[in-house]
Amino acid sequence: MEEFVFVKRDGRLRLVGRAVEEYPAWVEQLGEGEHFRGSFKALSTSKSQEQLGYYYGVMLPDVVEGLRQLGWSEVGFEWIAGTHVPLAVNAGNVDRYLKVLYAASRNIEATVSKARMSKQQMHDLIEFVLAWAHENSIAVRPSEKHVGAR
């Protein structure tokens, strides 16, 4: 069964994401005169802008600063052309480091990208980072409003 995601805009349901390209191709391959039944359900699971704003605007900068204050100069390394290259303490590398720690704590091979995380998954990542920062004596400013799952 095919699934397509819509958003209500200007009083109409409009295709979003990959559905914009996939839906016309799906319709094209249907036989003339075939009948279908569609059902709709609200999707409220995507992460919120508040969660992303808190993570990138508050948590990540606080963790980066905290690691620097603790004397960290790198958060891992990569091998590039046979050379051990340290990863500096910056927002991009710390973000990747935190996602690896989060995945390991959940016994999963890789973390879902934040772009594809549900509101609950983003909430779990935020809670994990807050606990990890606390355990490592890194102060993270609390959110001004609740950014958890709903």
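Bear in mind that the values in this text are calculations on the coordinates, not laboratory data. Remember, it's a predicted structure, so these values are computed and weren't measured experimentally. Please note: Cβ atoms are built from the backbone with ideal geometry, for glycine as well, and neighbour counts cover all protein chains shown.
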**Message:** Considering all alpha-carbon pairs of region 1-72, what whole percent are spaced by more than 15 angstrom?
**Reply:** 73 percent
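By per-residue mean of other Cβ atoms within 10 Å, what is the highest-first order of 85-94, 6-15, 130-139?
Working: 85-94: 14.9, 6-15: 10.0, 130-139: 13.2.
Descending mean neighbour count gives 85-94, 130-139, 6-15.
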**Prompt:** Using the alpha-carbon centroid of each, what span in Å lies between region 27-89 and region 107-141?
**Reply:** 10 Å
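With the Cα gyration tensor of the chain giving a ≥ b ≥ c as the square roots of its eigenvalues, does the rule (a/c under 1.5 for rounded; else a/b larger than b/c for prolate; else oblate) give rounded, prolate or oblate? Please list the in-between numbers first.
Values: a/c = 3.17, a/b = 1.95, b/c = 1.62.
Prolate, since a/c reaches 1.5 and a/b exceeds b/c.
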**Message:** No solvent, one uniform scatterer per C-alpha: report log10 I(q)/I(0) for region 1-43 via the Debye equation at q = 0.17, 0.19, 0.32 1/Å, two decimals.
**Reply:** -0.56, -0.68, -1.24
**Item:** Theoretical ellipticity at 222 nm over the chain - DSSP helices of four or more residues, -39500 (n - 2.57) apiece, nearest 500
**Value:** -12000 deg cm²/dmol
